[in-house]
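Nothing in this text is a laboratory measurement; each read-out follows from the coordinates by a stated rule. Quick caveat: nothing in here was measured; it's all calculated off a predicted structure. In this analysis, Cβ positions are derived from the backbone assuming ideal geometry, glycine residues included, and neighbour counts consider all displayed protein chains.
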There are 2 protein chains.
Amino acid sequence: MPPFDVPEGDPFGPHNLPYGVFSPSGSRERRVGVRLGDQVLDAGAAAAALGSPHHALLARPTLNPLLAAGRAAWSEVRAALTSWVTDPAHRETLEPLFHPLSEVDLHLPFEVADYVDFYASENHARNVGKVFRPDAPDSLTPNWKHLPIGYHGRAGTVVVSGTDVVRPSGQRKGPADPAPVFGPSIRLDIEAEVGFVVGVPTELGAPVALGDFREHVFGLCLLNDWSARDIQAWEYVPLGPFLGKSFATSVSAWITPLEALEHARTAPPERTHPLLPYLDDAAPGIEPGGYDLRISVAVNGHVVSEPPFSTMYWTAAQQLAQMTVNGASLRTGDLYGSGTVSGPDEHQRGSLLELTWNGRDPLDLPDGKRAFLEDGDVVTLSAWAPGPNGTRVGLGEVTGRIVPSV
Amino acid sequence: MPPFDVPEGDPFGPHNLPYGVFSPSGSRERRVGVRLGDQVLDAGAAAAALGSPHHALLARPTLNPLLAAGRAAWSEVRAALTSWVTDPAHRETLEPLFHPLSEVDLHLPFEVADYVDFYASENHARNVGKVFRPDAPDSLTPNWKHLPIGYHGRAGTVVVSGTDVVRPSGQRKGPADPAPVFGPSIRLDIEAEVGFVVGVPTELGAPVALGDFREHVFGLCLLNDWSARDIQAWEYVPLGPFLGKSFATSVSAWITPLEALEHARTAPPERTHPLLPYLDDAAPGIEPGGYDLRISVAVNGHVVSEPPFSTMYWTAAQQLAQMTVNGASLRTGDLYGSGTVSGPDEHQRGSLLELTWNGRDPLDLPDGKRAFLEDGDVVTLSAWAPGPNGTRVGLGEVTGRIVPSV
């Protein structure tokens, strides 16, 4: 089928147009690609063929120059791409520049600068609190409703969808163990999240206001913040998660620009506590910061959870304001995760920790029971968002297979 | 004085030769420099003038290519530099390539990949435990003696010595406050640390053994992990420090290669708990991992503390083994901090939190009392290590001035 003839209702139709970086199979050259249906347009080659002024942003081995170019340029490039792939006049020129998805290698689409992970789902935070701190008076820590809690993760181990995940080894200590033991993690888990990609940097000392979110953030992707619960439980007091998370974080190969998600914007849940002004998204002139993304978590092809992103208490705009309120600067390529997405229902929980209540209630999968991940398991996150005229905007999936500890 | 005539006993004599990146005043071009006394040798120009095979590693705007080149290359380059600056035959050639320190701008010497901070001083950890968790049965958390606790910090806000530090704003909540308040930090602190710079990267899934430390780590520098204690205290449960640290981390402009510190190597304190094999530095064939660095902390020129690095419980080699034991990969330019260096004596504490016992006992400085840092305060860390034949090896100082919140 020629590339322009995307089936009606395809979630990767011309209303979507996410960006990635690909190499044609057999080549090592990296190029910016735009996904249309199950094809990839070589965006730099298209810009050259059509004499586009955006050639310098697109004929690159990474999305970073486009990310840095800013909101006006993002809009112009998107408008140009939309016209290219919908105008029959360009068909003959562009057809040779499309590659079937099955014939390309997809790469990490941008150079990750700093990676931050948040903890923004109230359902997730309450579930984790009940599992790990059953005796605490409240399942939320006292600060939870006052600020989006976050921490820095390891940028160097962010990997693209499809990369195998080696089961991490480390120390763990059960309540009955007199001393910690060493070995492969026996509580390897999923965290279904959404990642936000920063484009426009800031200077040190200059916070980003809540209303400036879309001047800085280019787009989003699915993110699996793999977590070794046994390693994490032993190490995380008092300075937070470290080796329980740093072995791998998987992101989708496609970055969906925020502009493709205009129809998915939604109000976040009602705030139960008054917010300080820099986080107050009920203030006049502030746009609703939520996104209605319907996530699906599958283990070996079997859907185990459908977390709704619209239930997140803290928005990505609030997270950006929080991350910079102390004057910390942003760089092009900064990535921040939403935190595990968990809805109020049992089938909406974004981690096995919650789905199996720390292993107490294993899942019944067609290929056996699962408390936590086993070697060979393949985890796939996928998602869609409401688009214009009843369409769906597909997010790039993020998948990874667990391979045995070395 | 001509550059070769470094005074006898100068801690930056030809036995030291730390690396940095400089621009001659008025120029924006960055070049690798080597410090000799109070002069900087343009290393790339020297390599070119002398026809050195190491020209490609030195004629760069950053140390990263040299860092990535590996231990054999590090040794060769150091041997070449030593011969250049000590052999009178090169004097005429090299003299024009020296710049007085006072006539150059010094830059961040390498591109920071990931930044990790540890917590390796037992004295510091016990002091902090007593201040923040006075009711806990032990001032150390149960994991402390079993693994070097660490967490990821913000790589994008690592700045070079001399960069002003803007007082961060953020949320804080005193015990009597019904809700958090927002404003500039009122408990801005120092953390005197040593930073280790990774040169040779690793693949995902491949831990670094304790004995391979010097195959991967190029050198060290002083590091001030500025900390806003009030912001940190409110935010850090349960995921660790974030905005209380991420506004700035200052490093010295000079990276001292490990090879310059052979005479400073020392055994770490006796281990009170048996260690798992991957951390056991008492095992046969493992070299002593401690370094005898004598640090000095000055506020506005007044020395307030002299922390001895030799008292650190966990070594840099153990920290590297810990950081990678889960398979996390290393990148050239990874930086990790030792954690605040505090000795057993009151005058050896590396933070104001400890020196003033969380503000209870302010310091008496010539210009007034100090519980925490005030706007305009200049903090300077300096240090030396024993060198060959009774010499001292100077570490580059790290200094920063507090400027008011914006």
Inset, instruction - Report, in debye and to the nearest 20, how large the dipole of the stretch B:115-403 comes out about its Cα centre when Lys and Arg carry +1 and Asp and Glu carry -1 on their Cβ. - result: 460
Legend entry - At R0 = 45 Å, FRET efficiency that the Cβ-Cβ distance of B:S25 and B:H273 yields, to 0.05: 0.30
Inset, instruction - With springs only between Cα atoms under 10 Å apart, run a GNM on chain A and tell me which of A:T324, A:T141, A:T315 wobbles the most. - result: A:T141
Legend entry - Pseudo-label separations to other copies for A:E203 - Cα-to-Cβ vector, 7 Å, nm: 4.5
Inset, instruction - Give the longest segment of chain A that steers clear of GluC sites (Glu not before Pro) in DSSP loops with at most 13 neighbouring Cβ atoms within 10 Å, not counting the sites themselves. - result: A:30-202
Inset, instruction - Consider a paramagnetic label point 7 Å from the Cα of A:D38 along Cα→Cβ; state which residues of the stretch A:84-109 have an amide N under 14 Å from it. - result: A:99-104
Legend entry - Residue-count net charge about A:H302 - beta-carbon cut-off 14 Å; Lys, Arg +1, Asp, Glu -1: -3
Inset, instruction - Taking the dipole about the Cα centre of chain B, with the C-beta of Lys and Arg at +1 and of Asp and Glu at -1, give me whichever of B:P14, B:H273, B:A45 is farthest to the positive side. - result: B:H273
Legend entry - Highest-fluctuation residue, A:G390, A:G70, A:G244 considered, GNM on chain A with Cα pairs under 10 Å: A:G390
Inset, instruction - List the distances, in nm to one decimal, from the label point of A:S27 to the label points of the same position in every other copy, shortest first, placing each label point 7 Å from Cα along the Cα-to-Cβ direction. - result: 4.0
Inset, instruction - Looking at chain B, send over the antiparallel percent of its DSSP beta bridges, to the nearest 5. - result: 90
Inset, instruction - Put a label point 7 Å from Cα along the Cβ direction on A:D361, then list its distances to the equivalent points in the other copies in nm, shortest first. - result: 5.4
Legend entry - Nearest 10 degrees, 0 to 90: helix A:122-132 Cα axis against chain A principal axis: 30
Legend entry - Loop-located trypsin sites (Lys or Arg not before Pro) in the stretch B:336-406, at most 11 other Cβ atoms within 10 Å (DSSP): B:R360
Legend entry - Within a Gaussian network of chain B (alpha carbon springs, distance under 10 Å), most fluctuating of B:G337, B:G211, B:G368: B:G368
Legend entry - Candidate lysines - alpha carbon under 22 Å from B:K145, same-chain residues fewer than 8 apart omitted: A:K173, A:K245, B:K130
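Report, in debye and to the nearest 20, how large the dipole of the stretch B:19-107 comes out about its Cα centre when Lys and Arg carry +1 and Asp and Glu carry -1 on their Cβ.
Computed about the Cα centre, the dipole is about 340 debye.
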Inset, instruction - Could you pull out every one of the aspartates and glutamates with an alpha carbon less than 14 Å from that of B:K369, ignoring same-chain neighbours closer than 8 positions? - result: B:D361, B:D377
Inset, instruction - Taking amide H positions as placed in the peptide plane 1.01 Å from N, state which residues far from B:V304 in sequence (5 or more) or on other chains have amide H under 5 Å from it. - result: B:V297, B:A298, B:V299
Legend entry - Residue and distance (whole Å) for the chain A Cβ nearest the axis that superposes A on B: A:G240, 1
Legend entry - Pairwise FRET efficiency - A:A298 versus A:R265, Cβ, R0 = 22 Å, nearest 0.05: 0.25
Legend entry - Cut-off 16 Å (backbone N to label point 7 Å along Cα→Cβ of B:D87), residues of the stretch B:40-57: B:46-55
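Just rank A:H347, B:H146, fewest to most, by other beta-carbon atoms within 10 angstrom.
A:H347, B:H146
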Inset, instruction - Taking the Cα centre of the protein assembly as shown as origin, work out the dipole magnitude from +1 charges on Lys and Arg Cβ and -1 charges on Asp and Glu Cβ, in debye rounded to 20. - result: 520
